[in-house]
Structures are given as C-alpha cells and as structure tokens.
Amino acid sequence: MENKSIPSTADEWCDWHWQQRNACRDEQSLSSALGGLGERLEKAIRNNLSSRKIQITPYYISLMKKQKHIDWLDNPLFRQVVPFWEDEPAGGFDGSSENWEMNHEMKTPICQHKYDNRVILRITNTCNSYCQFCFEALRTLQPNSSKENSKRSYFESSLDYIKSTPSIDEVILSGGDPLMLTDKKLDQVLRALRELRDDLLIRLHSRSLTFNPFRITDGLVSTFSESGLNAFGVHVCHPSELTDDFLHAVRRLQQSVPLIFCNTPLLKGVNDNPEILRALFLKLYRIGIKPYYLYHFMPFSPGAAVYKNSISEAVDIMSQLKRRVSNIALPEYVLPHADGKFTVPLTGEDCQFPHYEKRDDQLYYRFINWKGDVSEWLDN
C-alpha cells in the first residue's frame with residue numbers, strides 16, 4: 001500500500017491542505033503508516049468505525065511515531081485519536097445522549113445560549129483530526145451526524161439573535177473546528193460578527209495547532225487582526241504535542257490575538273499523572289499560553305472505560321500541583337455538566353474542611369492550606 005504520509009517536497013509537508021488530504025481515515029492506512037498494528041487491534045478499530053470516524057494527519061502520525069512505547073496502546077497520542085477498545089461500557093456513550101447541548105439552549109441549530117452573557121456558534125461539524133473522547137461526539141464523530149452544519153440561513157438567524165439580545169457580551173466560535181473553514185469563509189464570519197458591535201468579544205476554539213499547526217497561515221493571522229479577534233483557545237492534552245511547529249504557529253497567532261489560553265481534558269492513560277500535567281502546564285506558561293480549564297471526562301463520550309478517571313483521582317492530582325506550580329500556570333479543574341460547569345473544590349471525600357466555626361461569638365473560617373495543615377481566619 002502506498003504510504004501517503006510521505007510528501008514529495010518540504011513545502012508540501014507544511015501545506016495544511018496537503019496534511020488534510022493525506023490523513024489516515026481507516027484502519028488499513030493507519031496500520032500502514034505505523035508499520036503494522038496487529039490483527040486484533042485492526043479488528044477493534046474496524047468495528048468501531050461503523051459508528052465513528054478517524055482522521056489522523058501525517059503530522060500527528062509523525063508525533064505518534066516519536067513516542068518510545070513498545071505497545072501502541074501505551075502511546076498517549078495514539079490513545080487520543082484511535083478507537084482501539086473492543087467494547088463500549090454500559091452507561092457510557094450510546095450514540096444518542098447529549099453531553100452538553102440542551103434543547104432549550106439552542107436558539108438556532110448552531111447557536112447555543114447556555115450562560116447569561118455568551119453564546120457558542122458551532123460553525124462546522126468537521127475537525128483536523130477526531131478526538132475519540134469528544135463530548136460533542138454526536139456532532140463530530142458520527143459518520144452520518146444528525147446535527148445541522150452551518151448553513152447561511154442558520155448563521156444569519158444566529159446573527160439576528162445576537163443582535164437582538166443585548167446581554168450577550170461574547171461569541172465563541174467552535175464546532176467541530178472552525179479552522180477547517182477557509183480563510184475567506186472565516187473572514188466573512190468574523191467580519192459579520194464584528195459589524196454587530198465594536199465591543200463584542202469574539203473568541204475562537206481550535207485544536208488545529210495540535211493536529212495541523214500549518215493551518216496558521218499569514219493570511220489567517222491577518223484575518224484575525226483585521227476582525228479584532230479577542231481570544232484564541234488551543235486544545236492540548238500532552239507535553240509532546242508542544243513541538244517547534246506548534247510554537248511557530250503560536251508565535252504567529254501572538255502577532256494578532258491578545259489572549260491565548262488552553263483547555264485540556266483529563267484522560268486516563270494520556271495525562272492523568274501530576275508530573276505529565278506539571279510539564280504540560282509549565283511548557284504552556286513558558287510560551288505565553290494560559291492553562292485555563294482542566295476538563296473532567298463527560299459521561300456520554302466514547303471510550304469511557306479507557307478514558308474516565310474518578311473525581312477523587314482528579315482532585316488528588318490537582319491537589320499535588322496546587323501551590324507547587326505557579327498559579328498562573330494552573331488551570332481551573334471543572335466538571336463540564338450539561339447544566340453548566342462546576343469548579344471542583346480540591347478537597348477529599350472525607351475532608352471536613354473548609355467550614356465556618358463559631359467560638360466565643362467570633363466567626364472563624366477553617367481550611368486546609370497548601371501544605372495540608374489546618375488553618376483558620378477570623379472572619380468578623
């Protein structure tokens with residue numbers, strides 16, 4: 001089988017369109033690119049592809065191959081983008097349950113208004129590569145998704161809703177991955193939003209810097225600058241994804257976007273380790289990216305049996321990092337519940353702190369400090 005992951009020129013490798021055209025989309029091309037996966041693993045992947053997609057760029061394949069693991073199932077990058085498990089657990093992904101989009105929040109088929117002052121516009125259902133744990137699996141991973149893609153009429157009705165709702169301060173562009181659109185299309189979207197209000201905050205979320213950093217072209221940077229894009233959210237799961245190509249894309253973005261931050265899902269076998277997360281968060285901080293959220297795994301996402309940690313495990317990991325890593329480098333640990341995010345206190349299930357205590361008509365706030373010692377604060 002021809003190995004399409006080898007470009008004919010260096011310029012081809014750095015062309016984001018070439019990367020997308022030559023992505024692996026089935027178990028055979030993936031096995032060929034990785035030098036063989038074995039019959040059992042190929043069969044598991046093939047069976048899973050009846051209900052989901054894979055699309056792995058040559059760039060990300062190259063990162064997977066640099067990892068020194070004897071077994072592909074121990075490779076933290078492989079585990080993210082390949083549906084390698086043999087069975088979905090009961091109570092997990094069922095192909096129909098929603099993680100995040102409640103019907104009453106969908107003001108148009110692509111416009112979600114969950115929180116008071118901001119809306120999400122899902123302007124595409126496609127991605128550079130597909131995270132197999134995606135909490136928007138019904139939109140992105142299913143081969144024949146019933147979720148509406150962004151039609152012109154849906155976008156225009158979304159603009160009307162934003163314009164008629166003055167409480168909206170911010171629009172978040174998401175998907176799928178918005179950077180799957182062309183520069184021209186993105187320019188049209190951003191200009192239309194900017195024309196609504198000069199002070200409208202516009203934020204964009206993308207994992208392209210992980211999967212295809214060559215997508216950050218000079219033309220795209222100019223588009224962001226001209227439209228006044230306020231913030232860009234990158235999605236990163238593991239320190240080995242922070243390559244020189246990733247850094248080059250970040251430096252381009254920093255020419256035009258004032259704020260760059262990172263969201264990270266907590267994934268068993270990928271990054272559920274305090275040393276891995278410490279390395280990731282500090283590397284992000286060093287290159288000027290604020291670690292923003294550490295997301296707990298959502299219930300109706302694929303692969304719950306292999307990706308899901310307990311809340312207590314996550315609290316333990318974050319507790320080990322709190323105050324031992326600069327706070328600016330530490331994200332907020334949240335449960336992204338269908339009803340809205342919840343920030344999880346970094347206390348164990350048997351912990352009686354923090355609490356208020358009244359003694360001698362004085363009110364004290366008692367808590368556990370970063371060293372694990374009981375402390376108190378006179379609060380009146």
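Given 37 °C and 0.692 mPa s, how large is the Stokes-Einstein diffusion coefficient of the chain in µm²/s, with Rh as the Kirkwood radius over Cα pairs? Each step should come with its number before you reach the end.
Details: Rh = 22.2 Å.
The estimated diffusion coefficient comes to 148 µm²/s.
What whole number of Å gives the distance from the Cα centroid of the range 288-320 to the Cα centroid of the range 83-100?
17
Amide H neighbours of L173 under 5 Å, counting only residues 5+ apart in sequence or on other chains, H built in-plane at 1.01 Å?
Long-range HN contacts for L173: L121, R203, L204, H205.
Share of the range 71-170's accessible area from carbon and sulfur, percent, 1.4 Å?
47
Any idea which of I110, N99, S145 is furthest toward the positive side of the dipole for the range 90-157, if Lys and Arg beta-carbons carry +1 and Asp and Glu beta-carbons -1?
Farthest towards the positive end: I110.
Ignoring ligands, DNA and RNA, please state the percent of accessible area on the range 249-316 from carbon and sulfur, probe 1.4 Å. Please report the intermediate quantities before stating the final value.
Working: 1430 of 2660 Å².
Roughly 54 percent, rounded to a whole number.
Looking at the chain only, what percent of DSSP beta bridges run antiparallel? Nearest 5 please.
Roughly 45 percent of the beta bridges in the chain run antiparallel, per DSSP.
With every protein chain present, what is the per residue accessible area of the chain (1.4 Å probe, Å²)?
Result: 47 Å² per residue.
Rounded to the nearest 500 deg cm²/dmol, what is the calculated helix-only ellipticity per residue at 222 nm for the chain, with -39500 (n - 2.57) per DSSP H run of length n ≥ 4?
Roughly -9000 deg cm²/dmol at 222 nm, from the helical runs in the chain.
Explain nothing, just the number: dipole magnitude of the range 50-160 about its Cα centre with +1 on each Lys and Arg Cβ and -1 on each Asp and Glu Cβ, in debye rounded to the nearest 20.
Once rounded to the nearest 20, the dipole reads 540 debye.
Positive end of the dipole of the range 235-336, charges at C-beta (+1 Lys, Arg; -1 Asp, Glu), about the Cα centre: which of A304, P291, L259 has its Cα farthest in that direction?
Most positive-ward Cα: L259.
Note down the magnitude of the dipole of the range 123-262 about its Cα centre, charges +1 on Lys and Arg C-beta and -1 on Asp and Glu C-beta and zero elsewhere, to the nearest 20 debye.
With only Lys, Arg, Asp and Glu charged at Cβ, the dipole is about 260 debye.
Once the other residues with Cβ under 11 Å from the Cβ of G175 are scored (Lys, Arg +1; Asp, Glu -1), what is the net sum?
Local net charge: +2.
The values are calculated or read from the model by the stated rules, or taken from the named source; none is laboratory data. Model, not experiment: these values are computed from the prediction. Using ideal geometry, Cβ is built from the backbone for each residue, glycine included, and neighbour counts are taken over all protein chains shown. For accessibility, only protein heavy atoms count, side chains too; no ligands or nucleic acids. Shrake-Rupley method; radii C 1.70, N 1.55, O 1.52, S 1.80 Å.
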